[in-house]
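Quick note: the coordinates plus some simple rules give every number you see, no bench work behind them. Not measured: the values here are computed from a predicted model. Cβ placement follows ideal geometry from the backbone for every residue including glycine, while neighbour counts extend to all protein chains displayed.
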Amino acid sequence: MKKLGIFLLAASCLAGSALAQDAQKTQLANDVIKSMNADKMFDSMTGQIKQMVSAQTSMYLPADATPEQKAKITKVQDQAVDLAMEAAKGMVAKMGAIYAEVYSAEELTAMKAFFTSPEGKSMQAKQPQIMQKMMPLVQQMQAELMPKIGALVEQAKPAPAPAVTATTPPVSVTTEPVSVPAPAKAPAK
């Protein structure tokens, strides 16, 4: 009985130690996420994404769209982008636990050291410039892909049923009464 008590005490100490290490590692991971300015990255991208969405939509807007219609579409687009960015920020709050699960404490320590270094801060500060320079490439890629995707969709559509034309022979309908024979009587038992 005494051995069981010692074993349970040792097991609870190990479990407590493991939980404390997990908590420290998760805190370290959260520090890495914070040093990466992940939440602020979405703020800086919002304007660029809104411009990209607006440019895409203008390509598909009817030429005769009224200013009121254009304003309504722009408002809905802006609201959609804002919702997406808020959802993305919500994911940032969950990234620490994921980083703690995937990366070792040593890797997290090295990442934190990099992102808090002058080089890491410079890299982060230049990310909006990178995104700005990438946007035209993304737009070009989308412009090239859209017709190809449209052609694939058209090819995948089922062929329309053949239409009845004047060359199709007419179907004749008889109006004469049709006689149906009476059912046979079942044999007697």
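Count of segment 102-126 residues, restricted to those that are within 19 Å of Gln24 (Cα to Cα) and basic (Lys, Arg), is 1.
Somewhere in segment 104-115, is a residue exposed (fewer than 10 other Cβ atoms within 10 Å of the Cβ) and acidic (Asp, Glu)?
First, pick out the residues of segment 104-115 that are exposed (fewer than 10 other Cβ atoms within 10 Å of the Cβ): 106.
Pick out the ones that are also acidic (Asp, Glu) and you get 106.
Yes, there is a match, as at least one residue in segment 104-115 is exposed (fewer than 10 other Cβ atoms within 10 Å of the Cβ) and acidic (Asp, Glu).
Taken over segment 35-60, the criterion of being surrounded by 13 or more Cβ atoms within 10 Å (Cβ to Cβ) and among the aliphatic types (A, V, I, L, M) is satisfied by Met36, Ala38, Met41, Met45, Ile49, Met52, Val53, Ala55. Of the listed requirements (1) surrounded by 13 or more Cβ atoms within 10 Å (Cβ to Cβ); (2) within 23 Å of Lys121 (Cβ to Cβ), Asp78 misses just one: (2).
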